[in-house]
1. Within straight cross-link reach of residue 36, meaning Cα distance under 13 Å, which aspartates and glutamates are found once same-chain residues fewer than 8 apart are removed?
2. Could you pull out the pairs from 62/146; 86/156; 91/177; 107/156 whose alpha carbons sit more than 21 Å apart here?
Amino acid sequence: MKLHYALAALAAGTFSLSAAAQNLKPGLWEVTNNMKSASGEMEKSRAEAQQQMANMSPEQRKMMEKMMAEHGVKMGSGGPGAMSVKTCMTKEMVERNEIPAQKGDCKTTRQQRSGNTINIAFTCTNPPSSGEGQFNIVSPEAYTMKMVVNSTMQGKPETMNMDSSGKWLGSDCGSIKPMQPPNKK
């Protein structure tokens, strides 16, 4: 599940946007990620974790959901196997043409923008992974992203397909802190 959370954070965005045809609004964003692995192992691990949550007492489950919510994470929103993460994008991030970014050791290796579409590639050392995909700015309050991520799960190479969407929730981030942008190439 650690890889699943890390990839969900990655999908929250790792890329700095170049010349702005259209920019995202600053504030609180909800990013919903749907991931599918070629082997089915990730789905199996996710189902086991969900079963463990279901087997908890109502008090334990509520406490676990509260802890995840404090970090902006919600399981199952957006459909079966989906995970939502709330993240904050500051005015300064918008002015620098960045999108919400995860903490981690990732570098953008390719980024090309044409209008509101950005083609991207990246590598990460923690978790060890690489991938490429397309980020589409639908409006200042919405985006979609499709990625193919190559990583290792339980010591075996794994390819995951990730579909993500982001929606702006409002200008106040509340207790959700902005994430730091990744390292540049």
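Any read-out appearing in this document is the output of simple, stated calculations on the displayed coordinates, not a laboratory observation. For clarity, every value in this text was computed on a predicted model and none was experimentally measured.
1. In chain and number order, the partners are 158, 163.
2. On the way: 62/146 32 Å; 86/156 30 Å; 91/177 13 Å; 107/156 23 Å.
Where the Cα-Cα span goes over 21 Å, the pairs concerned are 62/146; 86/156; 107/156.
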